[in-house]
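Below is one structure; the comments refer to it alone.
The values are calculated or read from the model by the stated rules, or taken from the named source; none is laboratory data. Not measured: the values here are computed from a predicted model. Cβ: placed from backbone, ideal geometry, glycine included. Neighbour counts: every protein chain shown. Keep in mind that these areas ignore ligands, DNA and RNA; they rest on the heavy atoms of the full protein, side chains included. Shrake-Rupley method; radii C 1.70, N 1.55, O 1.52, S 1.80 Å.
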Amino acid sequence: MENKQQSNGTMKENNAVKKKVNWSGSLIVTSLTGAFGSSFLYGYNLSVVNAPAGYIKKFYNETWERRYGFSMGEGTLTLLWSITVSIFAIGGLVGAIIVTPIVKFFGRKCTLLLNNVFAVAAALLMSLSLLAGSFEMLILGRIIMGIDAGISLSALPMYLSEISPKEIRGSLGQVTAIFICIGVFTGQVLGLPEIFGQESRWPFLFGAIIVPSLIQAVILPFLPESPRYLLLEKHNTRKAEKAFQRFLGKDDVSHEIEEVLAESRVQRNTKLVSILQLLRTRAVRWQIVTVVITMGCYQLCGLNAIWYYTNNIFSESGINHETIPYVTLSTGAVETLAAVFSGLVIERLGRRPLLIGGFGLMTLFFTVLTISLTLQNTVHWLPYLSIFCILAIIASFCIGPGGIPFVLTGEFFQQSQRPAAFMIAGTVNWLSNFAVGLLFPFIQAGLQTYCFLVFAGICFAGATYLFFILPETKNKTFHEISQAFAKRNKVTLEMQEMKHYPGERKSSEEQESNFTSSVDNGETKKGIV
């Protein structure tokens, strides 16, 4: 009877803790500022090349003719344009590869700050390319902007996952996806003919990149670094405690620090591991496979093909050319609303239903879109069905696959493994992005209206894998998520503790004693019990 009462009391305490979790001012400002100067720019650069595509191609042709005395061939122009679009992903791959040493030495927040150098440099190159008469400047700017995106899409989710309480970790993680969608929508709005979508104004589309970068550079220095990074990697208990207090909006953060130290005790190591070490670790084998498949499907599911070539798809659907820019706005609005909806419900529904359901719905609507595009010349209303399918595909993507892969990568791995895991995820992400951007025009030319069946198959395969493999991670600590994968990895938790990089173990006792001593000195109101 006493045990039941104690159990009920514990449950009430846990529920009370969950109810007390709120979004502090520092947490909100940090997430919004970090995302505005990072994932927003990624989304913006996905769509910004769409509206001025005709003017940029004309600029390429005129520059070529001025230099060599003859016009560029149609095949050469198509190839050069495909390279311009897809080279962004090559830069992203470079950024994803170099992010690990950067976040190790500079921290998560400072990495986002330093990353603005790439954004400003890219903006200047691309916006001045027309004035300089050099299309090479535009291509180089796209590469550098890709580096910025590659770094930010690893550093930002890492930062957000480490500063948020587990009760709202999914919602905060969705801020990355929400700002990607807002960036895409902003690129579409600014690309309208009434704004910058004119032959003489398209360089301003790229110059606008400087604005979010400068805003982030001004605000972010006044916000705290990741407390987990400060505690586990820098061993600075005092700064970690202050960071927790600001992010959580309360003075007593002893429970949060003990939770982080508990992870460190299980892990017995706070030294960053390499990709090779991570790949050799049996205890995270299925986590790595799941991240690779999820990130691969994130790019190969076909949404980037729709973002990159929206105008062509709407044109094939029979939409009037003058109306296309305004119809395109609907795609940005739908994806933003869907991403916000996902952020609101992710902590109620969980990651699994949104991710699997999103890929499942995309499979359905890609199939219907293929049928609609194939038969649109026979039935007058089918072009409108095609538009509906495009909007439905975008909404399905944004409710789950659009943001949850970044959340999962942050949730699956311990502190020392996380940078290497994000490097693996980023590499898969950007290689897949490059493949879609470069190959889709040729796939579309070869398969015609059946090209989207390829993406339907990828979405179906991803949903099937996740249905059988992915555990629910909602409201779970990193240790509990490792437990969920332990059986599938054929590793007991005891073996997992003993085999975590035996040559590099570092006990958390020193960090814990530091925190205890700070308690004794009166630096915090309550110690670890």
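For Thr370, the requirement of being open to solvent by 10 Å² or more (accessible area, probe 1.4 Å), over 30 Å from Trp23 (Cα atoms) and out of contact with any Pro (no Cβ under 7 Å at 6 or more places or on another chain) is not met.
The set of residues in segment 121-143 being more than 19 Å from Asn50 (Cα to Cα) and in a helix (DSSP H, G or I) consists of Ala121, Leu124, Leu131, Ala132.
For segment 102-117, what are the residues that are on the phi < 0 side of the Ramachandran plot and open to solvent by less than 70 Å² (accessible area, probe 1.4 Å)? Passing the criteria: Ile102, Val103, Arg108, Lys109, Cys110, Thr111, Leu112, Leu113, Asn115, Asn116. Just to be sure before I move on: is Gly296 modelled with pLDDT of 80 or more and either at positive phi or not assigned by the TED database to the domain that holds Ile371 (or both) in the structure I sent? Spelling it out, it is not the case that Gly296 is modelled with pLDDT of 80 or more and either at positive phi or not assigned by the TED database to the domain that holds Ile371 (or both). The residues on offer are Leu349, Leu355, Leu364, and the sole one that is at pLDDT 80 or above and within 25 Å of Thr378 (Cβ to Cβ) is Leu364.
Going through (1) in a helix (DSSP H, G or I); (2) open to solvent by less than 40 Å² (accessible area, probe 1.4 Å) one by one, Met72 falls short only on (1). Restricted to segment 178-253, the set of helices (runs of 4 or more DSSP H) holding at least 3 residues that are in contact (Cβ under 8 Å) with a residue 60 or more places away in the chain and either open to solvent by 40 Å² or more (accessible area, probe 1.4 Å) or among the basic types (Lys, Arg) (or both) comprises 210-219. So, in segment 124-142, how many residues would count as being open to solvent by 10 Å² or more (accessible area, probe 1.4 Å), of a type in the set (A, V, I, L, M, F, W, C) and closer than 16 Å to Ile210 by Cα? Final tally of qualifying residues: 3.
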